[in-house]
Amino acid sequence: VLNVFDRKNVNIIYIAVMQPFNFNNTAGIRFGNDLSVTSSEEVSNKLGSKILFITDPGLVKLGLIDETVKALKVKSEVLIFDSVEADPSLKTLMKCVEEGRDFNASGVIGFGGGSSMDTAKLTALLIGSGEDIHEAWGVANAKGPRLPLALYPTTSGTGSEVTPISIITQDDLEKKGVSSPIILPDLAILDPLLTVGLPPHITAATGIDAMVHAIESYASKSANNNLVSKMLAKEALKLLGESIEIAVSNGKDVEARSKMLLGSMLAGSSFGNSPVAGVHALAYPIGGTFHIPHGLSNAIVLPYVLRFNIKDQNAAKLYSEIAPIIFPEMDLSTSSQDISSKFIENLSNLSSNLGLEQRLRDVGIPETACETMAKDAMKQTRLLINNPKEISENDACDIYKSAW
């Protein structure tokens, strides 16, 4: 609100200029080849003498953590917790917290994809604060403080290294999240070389996931959708659109890997402040119940949710604004409805060309599951409230059936 003093009438006129918003981000972002090793002194100084290093067994087997851990051990004692699974469970989280407490950890590292980083965020919170995880679920319920925290992404998809969000799978397979600026890390270490060995299918799925973050953030109905988030979403889509096909076809192209990693980070910063919506809400039951990787779950339902959304004229307009960023060859002389429809078609073609499964049946989900998944999706109120067009349980079921 801009205050304008009216001298003649001796009062103040309030002119609405722009809606207020909050923007939170990771305090320190570091980017560069080999930074996972060369940043070790800064990380040790920040995290202290006893570092809990959280990762997954696949990365340990590949030896990807070895040089980083070796460099950290110059100044700090390191305990490796390598039991993180895809869609990490509450049981895994609490086991990690217990081991970190027994170790008397002074700081926490999450090294890997979104699962390891999300586990690290909440481990740092629960050890640092001693609070009950069941009181932290939801938005702005975490109390803190947390232990010092650094995150090292090894995929270009989740953007978890710059988001105030952590998602954990409950015993009943429902996904619950903690959303709070308290769990933003102190340092995000972005080393493109950590992503070079990522297989093509995972590169494609995580890359589309990052695109979904930017697309949903840009069109989010959240009251906190803002100019900064929109700008970051656009730049993320530019970087991802330029590089995803190259990174999938030639995983050793470091320039493409660098653009993917930066694009993922920017998309994460965007949706960390202007939250995602219906695509994620409908993707969660697919991952939680059928253990389909999160990026692939998003990729499968993406075109069907967007086709539902463009029945809303404003959503169609917003999608038409970002369409040429990913697909610069698009004809923009038609209506926003036509442009957004073509945009969705191009996204489907891109996903298919990258070798990703296109239908729920392609990943072994029976059509009879659509109704149950629709019920489960309705529990994701934190996400559904941000969708450009309201999604009912019947709508969700129809979307799933279309995607089947």
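The values are calculated or read from the model by the stated rules, or taken from the named source; none is laboratory data. These numbers come from a predicted model, not from an experiment. Cβ coordinates were reconstructed from backbone atoms using ideal geometry, including for glycine residues, and neighbour counts include every protein chain displayed. Accessible surface is based on the protein model in full, side chains and every heavy atom, while ligands, DNA and RNA are left aside. Shrake-Rupley method; radii C 1.70, N 1.55, O 1.52, S 1.80 Å.
For region 28-46, how many residues are touching a strand residue (DSSP E or B) at 6+ places or on another chain (Cβ under 9 Å), assigned to a helix (DSSP H, G or I) and more than 14 Å from residue 109 (Cα to Cα)?
Final tally of qualifying residues: 1.
Of 373, 330, which residue is part of a loop (DSSP other than H, G, I, E, B) and not aromatic (Phe, Trp, Tyr)?
Step by step, each of 373, 330 is checked, and only 330 is part of a loop (DSSP other than H, G, I, E, B) and not aromatic (Phe, Trp, Tyr).
Can you give me the number of residues within region 62-99 that are among the β-branched types (Val, Ile, Thr) and outside any loop (DSSP other than H, G, I, E, B)?
If we filter region 62-99 for residues that are among the β-branched types (Val, Ile, Thr), which is where we start, we get 65, 68-69, 74, 78, 80, 84, 92, 97.
Within this subset, residues satisfying the condition of being outside any loop (DSSP other than H, G, I, E, B) are 68-69, 78, 80, 92, 97.
Result for region 62-99: 6.
Search region 5-50 for residues being open to solvent by less than 50 Å² (accessible area, probe 1.4 Å) and over 20 Å from residue 78 (Cα atoms), and hand back the single one that is modelled with the lowest pLDDT.
It comes out as 6.
Mind listing whichever residues of region 191-222 are open to solvent by 50 Å² or more (accessible area, probe 1.4 Å) and at pLDDT 95 or above?
193, 199, 200, 201, 202, 221
Residues 160, 115, 83: which one is crowded, with 24+ Cβ neighbours inside 10 Å, free of Cβ contacts under 8 Å to residues at least 60 places away in the same chain and either within 30 Å of residue 197 (Cβ to Cβ) or among the hydrophobic types (A, V, I, L, M, F, W, C) (or both)?
None of the others qualify; the one that does is 115.
Mind checking whether some residue in region 227-238 is within 25 Å of residue 357 (Cα to Cα), of a type in the set (Asp, Glu) and more than 11 Å from the chain's Cα centre (by Cα)?
No, region 227-238 contains no residue that is within 25 Å of residue 357 (Cα to Cα), of a type in the set (Asp, Glu) and more than 11 Å from the chain's Cα centre (by Cα).
Return yes when residue 344 is surrounded by 17 or more Cβ atoms within 10 Å (Cβ to Cβ), in contact with a helix residue (DSSP H, G or I) (Cβ under 8 Å, 6 or more places away or on another chain), more than 28 Å from residue 137 (Cβ to Cβ) and not charged (D, E, K, R) and no when it is not.
So residue 344 passes the test.
Given the criterion open to solvent by 10 Å² or more (accessible area, probe 1.4 Å), over 17 Å from residue 352 (Cβ atoms) and not polar (S, T, N, Q), identify the matching residue among 268, 251, 241.
Exactly one of 268, 251, 241 is open to solvent by 10 Å² or more (accessible area, probe 1.4 Å), over 17 Å from residue 352 (Cβ atoms) and not polar (S, T, N, Q), namely 251.
On the given criteria, is residue 228 modelled with pLDDT of 95 or more and out of contact with any Phe, Trp or Tyr (no Cβ under 9 Å at 6 or more places or on another chain)?
Details: modelled with pLDDT of 95 or more: yes; out of contact with any Phe, Trp or Tyr (no Cβ under 9 Å at 6 or more places or on another chain): no.
When the stated conditions are applied, residue 228 does not pass them.
Considering region 282-301 alone, what residues qualify as being open to solvent by less than 10 Å² (accessible area, probe 1.4 Å) and among the β-branched types (Val, Ile, Thr)?
286, 300, 301
In region 274-281, is there at least one residue being in a helix (DSSP H, G or I) and open to solvent by 10 Å² or more (accessible area, probe 1.4 Å)?
no
Testing residue 59 on (1) modelled with pLDDT of 95 or more; (2) in contact with a Gly (Cβ under 9 Å, 6 or more places away or on another chain); (3) not in a helix (DSSP H, G or I), one condition comes back false. Which one is that?
(3)
Looking at (1) more than 28 Å from residue 288 (Cβ to Cβ); (2) touching a Leu at 6+ places or on another chain (Cβ under 8 Å); (3) of a type in the set (Asp, Glu), can you tell me which one residue 171 breaks?
(1) is the only condition that residue 171 fails.
Pull up region 121-150, narrow it to residues that are under 18 Å from residue 87 (Cβ atoms) and in contact with a helix residue (DSSP H, G or I) (Cβ under 8 Å, 6 or more places away or on another chain), then point me to the one that is surrounded by the fewest Cβ atoms within 10 Å (Cβ to Cβ). Spell out how you get there, then give the answer.
If we filter region 121-150 for residues that are under 18 Å from residue 87 (Cβ atoms), which is where we start, we get 121-123, 133, 137.
Adding the requirement that they be in contact with a helix residue (DSSP H, G or I) (Cβ under 8 Å, 6 or more places away or on another chain) leaves 121-123, 133.
Working: 121: 32, 122: 27, 123: 29, 133: 17.
Applying the filter and picking the extreme gives 133.
Can you run down the residue pairs with Cβ atoms below 7 Å, 6 or more apart or on separate chains, where the first is in region 231-250 and of a type in the set (Lys, Arg) and the partner is in a helix (DSSP H, G or I)?
Final answer for the pair search is 234/322; 234/325; 238/325.
Conditions (1) touching a His at 6+ places or on another chain (Cβ under 6 Å); (2) over 28 Å from residue 334 (Cα atoms), marked per residue:
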position: 270; (1), (2): no, yes
position: 287; (1), (2): yes, yes
position: 314; (1), (2): no, no
position: 318; (1), (2): no, no
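Keeping to region 309-341, report how many residues are open to solvent by 30 Å² or more (accessible area, probe 1.4 Å), over 14 Å from residue 216 (Cα atoms) and within 24 Å of the chain's Cα centre (by Cα).
2
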